[in-house]
1. Failed condition for B:Ile47, given (1) crowded, with 18+ Cβ neighbours inside 10 Å; (2) on the phi < 0 side of the Ramachandran plot; (3) in contact with a Pro (Cβ under 9 Å, 6 or more places away or on another chain), with all others met?
2. For segment A:1-56, enumerate the residues that are of a type outside the set (S, T, N, Q), within 13 Å of chain B (Cβ to nearest Cβ), in contact (Cβ under 8 Å) with a residue 60 or more places away in the chain and open to solvent by 40 Å² or more (accessible area, probe 1.4 Å).
3. Going residue by residue through segment A:100-114, is there one that turns out to be away from every other protein chain (no Cβ under 13 Å), modelled with pLDDT under 95 and over 12 Å from the mean Cα position of the chain (by Cα)?
4. Within segment B:67-83, take every residue that is more than 14 Å from every other protein chain (Cβ to nearest Cβ) and without any contact (Cβ under 8 Å) to a residue 40 or more places away in the chain and give me the one that is surrounded by the fewest Cβ atoms within 10 Å (Cβ to Cβ).
5. Looking at segment B:20-33, is at least one residue within 8 Å of another protein chain (Cβ to nearest Cβ), open to solvent by less than 10 Å² (accessible area, probe 1.4 Å), over 19 Å from A:Tyr32 (Cα atoms) and not polar (S, T, N, Q)?
6. Which residue is farthest from the other protein chains (Cβ to nearest Cβ), if the candidates are limited to segment B:85-110 and must be within 20 Å of A:Arg51 (Cα to Cα) and open to solvent by 30 Å² or more (accessible area, probe 1.4 Å)?
7. Quick one: is A:Ser85 more than 14 Å from the chain's Cα centre (by Cα), within 26 Å of B:Lys9 (Cβ to Cβ) and not basic (Lys, Arg)?
Amino acid sequence: GENVEQHPSTLSVQEGDSAVIKCTYSDSASNYFPWYKQELGKRPQLIIDIRSNVGEKKDQRIAVTLNKTAKHFSLHITETQPEDSAVYFCAARNSHSGGSNYKLTFGKGTLLTVNP
Amino acid sequence: DSGVTQTPKHLITATGQRVTLRCSPRSGDLSVYWYQQSLDQGLQFLIQYYNGEERAKGNILERFSAQQFPDLHSELNLSSLELGDSALYFCASSEDGRETQYFGPGTRLLVL
């Protein structure tokens, strides 16, 4: 089955700096890669996603890049703010099952701390 | 608010007991997914239902079972509970044919 590795497990940055979180996946058939943000005690919330037919996607201060050859994808947050502090999870979904099976395999998460 | 609801918010029970967690998906969503989140294991996929039928299975223990009812709400049944079952249990839902999953607020289970 799919295996998703996420690094680093913790990341501390100064407000205004950029943050980068990286994930690798094992199944070359994976074709959908969402990123979720989870604040303490809250639900995971989708912040951005990318499909395998696209190499990069941007939404304001957040961007995701995908390298299918190397089987890795990254989350980039620019101009970080204290409210960006949370745990970030990457995930991958493969197309083996097709149809309505959208099982996600998650990385173990990155605790991002943005210091004012 | 994602539109996915889960009850109860918190549950405290003893080892050996059985509990039922409930999830109502967003209006119109046919798929429901259950995840377990513990400190050491992260978010683990348990099971998916689509329009009442089991569609995918993950690392779900035999002591756990789920079902999705005609009104599309889902229940996760956990039996013969062990200390290690203490975790946050999330459900998520998605639209038919769409990959995006929306998570509910979770149920925090504590087994004593």
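The values are calculated or read from the model by the stated rules, or taken from the named source; none is laboratory data. If you're wondering where the values come from, they're calculated on a predicted model, not measured in any experiment. As a convention, Cβ positions derive from the backbone with ideal geometry for all residues, glycine included, and neighbour counts pool all protein chains shown. For accessibility, only protein heavy atoms count, side chains too; no ligands or nucleic acids. Shrake-Rupley method; radii C 1.70, N 1.55, O 1.52, S 1.80 Å.
1. So B:Ile47 meets the others, but not (3).
2. Matches in segment A:1-56: A:Gly1, A:Glu5.
3. Taking segment A:100-114 first, the residues away from every other protein chain (no Cβ under 13 Å) are A:112-114.
Those still in the list that are modelled with pLDDT under 95 too: none.
No - not one qualifying residue is present in segment A:100-114.
4. Residues of segment B:67-83 more than 14 Å from every other protein chain (Cβ to nearest Cβ): B:67, B:69-71, B:73-83.
When the remaining residues are screened for being without any contact (Cβ under 8 Å) to a residue 40 or more places away in the chain, the result is B:67, B:69-71.
Values: B:Gln67: 15, B:Phe69: 11, B:Pro70: 7, B:Asp71: 9.
My answer is B:Pro70.
5. Filtering segment B:20-33 for residues within 8 Å of another protein chain (Cβ to nearest Cβ) gives B:30-31, B:33.
Still in the list and also open to solvent by less than 10 Å² (accessible area, probe 1.4 Å): B:31, B:33.
Then keep just the ones that are over 19 Å from A:Tyr32 (Cα atoms); that gives none.
No; the residues of segment B:20-33 include none that is within 8 Å of another protein chain (Cβ to nearest Cβ), open to solvent by less than 10 Å² (accessible area, probe 1.4 Å), over 19 Å from A:Tyr32 (Cα atoms) and not polar (S, T, N, Q).
6. My answer is B:Glu95.
7. Values: more than 14 Å from the chain's Cα centre (by Cα): yes; within 26 Å of B:Lys9 (Cβ to Cβ): yes; not basic (Lys, Arg): yes.
Yes; evaluated as a whole, the condition is true for this residue.
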